[in-house]
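Remarks on the structure that follows.
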Amino acid sequence: MTARNLQVAVKRLPHAEGLALPAYATPDSAGLDLQAAISEPVTLQPGERRLVPTGLAIAVPPGFEAQIRPRSGLALKHGVTVLNAPGTVDADYRGEVGVVLINHGDKPFTIHRGERIAQMIVAAYARVAWNEMAELPQTQRGAGGFGSTGSHALPDAAATPLKTAQGE
């Protein structure tokens with residue numbers, strides 16, 4: 001199975017001149033790397049958040065969204081992540097794509113021009129039409145949530161036969 005190609009219009013804003021367009025780091029990467037389009041280094045103090053410009057405006061096709069997600073290396077090594085992850089760029093938005101970064105680390109973190117600060121995934125979505133009902137269909141889980149399925153892996157369904165109502 002292969003990923004399908006989707007054409008997305010992009011406009012490079014003046015403060016992004018000289019920076020590469022978002023790109024996949026490897027052939028099987030899901031996310032396109034976004035760069036900081038800043039003129040001077042920006043330092044995020046521990047606990048500080050800031051909107052970092054990318055210098056790009058995009059036209060996501062109808063039926064799709066662009067999701068802005070953290071880069072795992074920044075999160076693990078420095079505690080820097082996307083605050084509203086995943087952020088959504090809607091198909092009708094035409095302004096600059098910005099990344100809300102926060103420093104959850106214990107040391108200041110400096111962002112430099114062209115540094116890869118987040119990744120973007122373009123994905124299809126479904127629009128919902130509500131079907132209001134007095135009762136919802138029943139499931140095995142029911143209303144259980146917030147840890148109701150436990151904290152350890154469930155037994156392998158293929159290795160553990162389910163018991164029927166007759167106890168078979």
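Nothing in this text is a laboratory measurement; each read-out follows from the coordinates by a stated rule. Just so we're clear, the structure is a prediction, and the values are computed from it rather than from any experiment. Note that we place each Cβ from the backbone using ideal geometry, even for glycine, and neighbour counts take in every protein chain shown.
Applying the condition of being surrounded by fewer than 16 Cβ atoms within 10 Å (Cβ to Cβ) and polar (S, T, N, Q) to the stretch 36-69 and asking which residue is farthest from the chain's Cα centre (by Cα) yields 39. In the set (1) under 16 Å from the mean Cα position of the chain (by Cα); (2) under 20 Å from residue 125 (Cβ atoms); (3) free of Cβ contacts under 8 Å to residues at least 60 places away in the same chain, the condition left unmet by residue 31 is number (3). Residues of the stretch 64-111 that are touching an Asp or Glu at 6+ places or on another chain (Cβ under 6 Å) and under 19 Å from residue 44 (Cα atoms): 103 alone. Of the strands (runs of 3 or more DSSP E) lying entirely inside the stretch 1-77, those containing at least 3 residues that are farther than 19 Å from residue 111 by Cα span 9-12, 49-59, 64-69.
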